[in-house]
Amino acid sequence: MPTDTLQSSDSATTANGAHDAPTLKGSEIFVRALEEEGVDRVFGHPGGAVIKIYDAMERIQPSYDHVLVRHEQGGTHAAEGYAKATGRVGTVLVTSGPGATNTVTGIADAYLDSVPIVVFTGQVPTHLIGNDSFQETDTTGVTRSITKHNFLVRDVNELASTVRQAYHIARTGRPGPVVVDIPKDVQMSEAPFLYPEEPDLDGYSVPGAAAPSQVDRAAQMIEEAEKPLLYSGGGTINADAPEALTRLARKANIPVTTTLHGLGAFPETDDLALGWLGMHGFYHTNMAVQNADLIIACGARFDDRVTGDVEAWAPNAEIIHIDIDPSCISKNVYADCALIGDAQEVLQQLLPKVEPKDTTDWLTQIDEWREECPPYEYEASENDDIAPESVVEQLYEKTQGDAVMVTDVGQHQMWVCQYYKFGQTRSHISSGGLGTMGFGLPAAMGAAFGMREGRDLDVVCVSGDGGFVMNAQELSVAARHGLPLKIAVLNNNYLGMVRQWQSLFHEERFSHTDLRPTNPDFVKLAEAHHCVGLRATSPDEVGDVIDQAWTVDDRPVLMEFQVPKEEMVFPMVPAGAASDDMLTEMFNKEKMAEK
Amino acid sequence: MSDEAPLTRQQIRRKRKFGEPILPEEEDEAEQEHRHIIAVELENTIGALNRVTNLFSARGFNLESVAVGETEEPSVARLTLVTVGNDRIVAQITRQLDNLVNTYDVTDLTDAEHVERELCLLKVQYTSETRPEILDIKDIFRGRVVNVTPETMVLEVTGPNKKINAFVGMMEEHGIEEVARSGQVAMHRALEYEAPNPLASADAESTTNGSASDE
């Protein structure tokens, strides 16, 4: 067993430092190890299998703060929001059984969106494992396929080194969630505490720079291309590479489109910015993809919401793929040139080899598409309804891009991506891969905590009425800590995105998407959780409500905007269709006219 | 880019999808499905093994056989797996395996010079009439009788996958009661071997020939 080798190397190190290494209980080792790791905040919920750890926390009073969430799912999303806003690893601590299973959705979300979080779960004592004991689940078994890695700590002597490894794995390479399951008897046994400086991980390596031959090849391909396009994803932000990306784009005059998670990596007010692409991307952006002769993907994974029909995607383009995860190369779309490495390093390798080039014809062509179906345009409401897009626009007016925008999942999420002009990195937090309703509020809460450790930006949460109630209980936590969250609920009393699909593809059979008449009174819901509640029911109230919300700075404000249920997100590439096969607002009007 | 530029793989995929004719020179070998034999060195724990097999079900990869056991280093296990897929899928499999934190080494042995073996135990019915023929076949396949009762015997045969298939096929008509197969194990041949003297060279030759004729 490898544990033998681990132990022998451990005892070799303790031989030197044995005098200094204090003997502590597992629970104390855990609390101290997090301190050593530089954790500044833990999102958690106590229970029987972690009560020893909570007790140790109370006794030791570590340097980090603990946030008592009201549901473990909220805890994992809060850790994600914190991680995405700060670039640090989020930490979660929950009990065994239901505590652990409640984190599963958040872990799966972090896995698909490459968010670095470490989830510590209590476990029943080792001698009871497998006996169907009270609050026992096979946590490592349950989370195996949704974690980057997971551990069951069977020996208190391995606890500190496992914590060290867990943070290292979560943070490095392609980031992701790591679960550490700690049985109660391990928390109660004693061992010398020594936090290793380096993680002991033989089978784990992280790519740095790309192969020089591939870099030369990529530079050559860029030089030869007439219609190049940069397609940038969340990896660019994870690698802190937005500046290098911007330099490359400007040096070679290559237009840039960003994925949902890539928003903010390239200033959208730039002439080369095309906005986002894919299912609800702009017309001109998807047309640019379909007509490009070279696509340079940077930290993006060719998700089906981006490509639609993958075989019909970018039919004329050669593909250069920059990614730190080798398994992303040629997974969905063939890469003609693979640059495996850290996006920041690879872009720095590439920059000096790329010559300035003239792409005027190509940019003119894209401008023509832009005029054909202009972005940022929507139907002004004919009656006295609030256009949901206008709420996003006014939020932009208010913040001027100096805010962290956190969204839930659904139509409002798409409108934020389309109408908010992201100007800085780590300013957009959303659930992309898993599409987790209920993500928004707790993630915004986590981001707001993250703002206390550095950047001082407003945190705005945009949510729908359906998703908001899925984790509404976390309002109490945000209020408890006086977080000045600005929460905008676009309330159409429907599960809007499903309703849109039912309108377009299921002959308007609105099967179980109507939330009336018992949708909550959102103002009262906010007030019941010690937050401020505001409501706008007509367009002229929107600005006032937003202004009023920004005057509150000691607690969360929930703004309810009542919007019409008929409003749809356009343009739209139907699932599985080719990217140039788009439904636009015009299409919808024609369809309505037929009726 | 000029019109004469060769089609990208993405373009070939598109042509195939829309049923457009594909010129022979455009045919992409990478799209053909092949059987691959992959050796994985990993941490010798149940958790690590579980993670490898889980990967195949979670990502929908095909898994024909898997064999696992300890290596010369007790903390390291070696797993040999057989899968079928085109180059893109197999590259995915090896990269995903490589990504696992507790795998140390992943090698696709398919295109390298390698030996592969599988062990098969087969329980077959016999009568005094069929007994000589069964034993004859067993000899042809260089098998052994490892257990015998008045009505059945257990035979042991070792060899590459195809040989085992052939052996099981030959036994079918006699009434197979049970088959247990170990799954393939494989390793590189020692290609770098340089003979220190003619005698050793002859030995090495005969060993190679021996294993080759087995296949």
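The values are calculated or read from the model by the stated rules, or taken from the named source; none is laboratory data. Keep in mind that what you see is a predicted model, and the values were worked out from it rather than measured. Please note: Cβ atoms are built from the backbone with ideal geometry, for glycine as well, and neighbour counts cover all protein chains shown. When the accessible area is computed, the model is the full protein with side chains, heavy atoms only, and any ligands, DNA or RNA have been set aside. Shrake-Rupley method; radii C 1.70, N 1.55, O 1.52, S 1.80 Å.
Consider region A:379-400 and keep the residues that are assigned to a loop (DSSP other than H, G, I, E, B) and touching a residue at least 40 places away in the same chain (Cβ under 8 Å). The one that is surrounded by the most Cβ atoms within 10 Å (Cβ to Cβ) is A:I386. Remark: B:A112 matches the filter, which requires a residue to be more than 8 Å from chain A (Cβ to nearest Cβ) and either of a type in the set (V, I, T) or farther than 27 Å from B:E178 by Cβ (or both).
For the structure I just gave you, tell me whether A:A338 is within 14 Å of another protein chain (Cβ to nearest Cβ) and surrounded by 23 or more Cβ atoms within 10 Å (Cβ to Cβ). Criteria not met by A:A338. The lone criterion from (1) open to solvent by less than 10 Å² (accessible area, probe 1.4 Å); (2) not in a helix (DSSP H, G or I) left unmet by A:P267 is number (1). The set of residues from region A:295-315 being within 9 Å of another protein chain (Cβ to nearest Cβ), hydrophobic (A, V, I, L, M, F, W, C) and assigned to a loop (DSSP other than H, G, I, E, B) comprises A:W313, A:A314. Within region B:33-45, the set of residues being surrounded by fewer than 18 Cβ atoms within 10 Å (Cβ to Cβ), touching a helix residue (DSSP H, G or I) at 6+ places or on another chain (Cβ under 8 Å) and within 14 Å of chain A (Cβ to nearest Cβ) comprises B:T45 only. Taking the criterion of being without any contact (Cβ under 8 Å) to a residue 40 or more places away in the chain and under 27 Å from A:L34 (Cβ atoms), would at least one residue in region A:208-228 satisfy it? Within region A:208-228, not a single residue is without any contact (Cβ under 8 Å) to a residue 40 or more places away in the chain and under 27 Å from A:L34 (Cβ atoms).
Reported count of residues in region A:120-144, each being among the polar types (S, T, N, Q) and either within 13 Å of chain B (Cβ to nearest Cβ) or part of a strand (DSSP E or B) (or both), is 5. Scanning region B:46-104 for residues that are within 11 Å of another protein chain (Cβ to nearest Cβ), buried (at least 18 other Cβ atoms within 10 Å of the Cβ), free of Cβ contacts under 8 Å to residues at least 40 places away in the same chain and outside any helix (DSSP H, G or I) turns up B:V76, B:A77, B:V101. With respect to A:V142, determine if the residue is modelled with pLDDT under 95 and either among the basic types (K, R) or open to solvent by 50 Å² or more (accessible area, probe 1.4 Å) (or both). Taking the combined requirement at face value, the residue does not satisfy it. Look at (1) open to solvent by less than 80 Å² (accessible area, probe 1.4 Å); (2) in contact with a Lys or Arg (Cβ under 9 Å, 6 or more places away or on another chain) and you find that B:E113 fails only one, number (1).
Within region A:326-335, take every residue that is farther than 19 Å from A:P228 by Cα and more than 7 Å from chain B (Cβ to nearest Cβ) and give me the one that is surrounded by the fewest Cβ atoms within 10 Å (Cβ to Cβ). Among those residues, the one meeting the criterion is A:N332. Listed conditions (1) away from every other protein chain (no Cβ under 11 Å); (2) crowded, with 19+ Cβ neighbours inside 10 Å; (3) aliphatic (A, V, I, L, M); (4) within 18 Å of the chain's Cα centre (by Cα) are all met by B:V124, apart from (4).
Scanning region B:160-193 for residues that are part of a strand (DSSP E or B), out of contact with any Gly (no Cβ under 9 Å at 6 or more places or on another chain) and open to solvent by less than 90 Å² (accessible area, probe 1.4 Å) gives B:I176, B:V179, B:A180, B:A186. Counting the residues of region A:202-223 that are among the hydrophobic types (A, V, I, L, M, F, W, C) and within 27 Å of the chain's Cα centre (by Cα) gives 3.
What about A:E355, is it within 25 Å of A:T172 (Cβ to Cβ) and open to solvent by 80 Å² or more (accessible area, probe 1.4 Å)? It is false that A:E355 is within 25 Å of A:T172 (Cβ to Cβ) and open to solvent by 80 Å² or more (accessible area, probe 1.4 Å).
Would you pick out the residues in region A:255-264 that are open to solvent by less than 10 Å² (accessible area, probe 1.4 Å) and in contact with a Gly (Cβ under 8 Å, 6 or more places away or on another chain)? Passing the criteria: A:T257, A:T258, A:G262, A:G264. Selection over region A:33-85 of residues that are free of Cβ contacts under 8 Å to residues at least 40 places away in the same chain, surrounded by 20 or more Cβ atoms within 10 Å (Cβ to Cβ) and among the acidic types (D, E) gives a count of 1.
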